[in-house]
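Values in this text are rule-based calculations from the coordinates and carry no lab data. Note that the structure is predicted; figures quoted are calculated from it, not measured. We place every Cβ from the backbone using ideal geometry, glycine too, and count neighbours over all the protein chains shown.
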Amino acid sequence: MAFTTPRTWSATETVTAAIMNTHVRDNLTNLDGRTGTKPFLVWLATANQPPAASAATMAFRNGHPVLEFDAATAEIAIFSGVLPVSYSAGGFLTTVYWMAASATSGDVKWNVYIEAHTPDADDLDSDSFGSLNTTTATTASAAGELMQTNVSITSGDGLLAGESFRLQVSREANHAADTMTGDAQLLKVVFRET
């Protein structure tokens, strides 16, 4: 349901359930995020919880914190969150905001994994990321120009509303499809329901 322009009430008007439902209930529901705009999370590069090995490197580009993903070695960034309780069991989409450190051509292969933390079931003493979700994106025509690359999440590792989880983002630099030279610099990641 779409947001309806609020009604201008007149002093002699009889208020009915239909009017109240359309102009109050439905609009509040729409603004609440249960319909219309889906729940989402945003992580800046500074929110990275780097793994013990193969971590993307923190750097700055014109004052912007970025995570640098090497062109020769697969590197990883990990972001932690809680799925909003307004999640309505849809799919997930991750948008990676990134740029090339120096390249003006070539492709980057981005991989995304979800690790759900099911209460009273998952042991956080070891990693348990779900299945691979991936896409390959072409860099911008000039180094430093921001790209937005969507990675559809087909495997959410059983993640449910209100649950803690981690999102792993990596550049699969040693894959034949990853042809961009130099670092890929991640600025932020957006995670939303589709």
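Remarks
- Of all the options ALA116, ALA143, ALA77, the one that moves most in a Gaussian network model of the chain with Cα springs shorter than 10 angstrom is ALA143.
- As a size descriptor, the averaged projected area of the C-alpha convex hull of the stretch 59-117 was calculated at 6.1 nm².
- Estimated 222 nm signal from helices in the chain, with DSSP H stretches of n ≥ 4 weighted -39500 (n - 2.57), rounded to 500: -1000 deg cm²/dmol
- Cleavage-rule hits (GluC sites (Glu not before Pro)) in the stretch 105-194: DSSP loop, at most 13 neighbouring Cβ within 10 angstrom: GLU145
- The stretch 58-194 - convex hull of alpha carbons, volume per residue in Å³: 109 Å³
- GNM top mover of GLY130, GLY81, GLY158 - the chain, alpha-carbon springs below 10 Å: GLY158
- Sorting TRP98, TRP110 from the fewest to the most surrounding beta carbons within 10 angstrom yields TRP110, TRP98.
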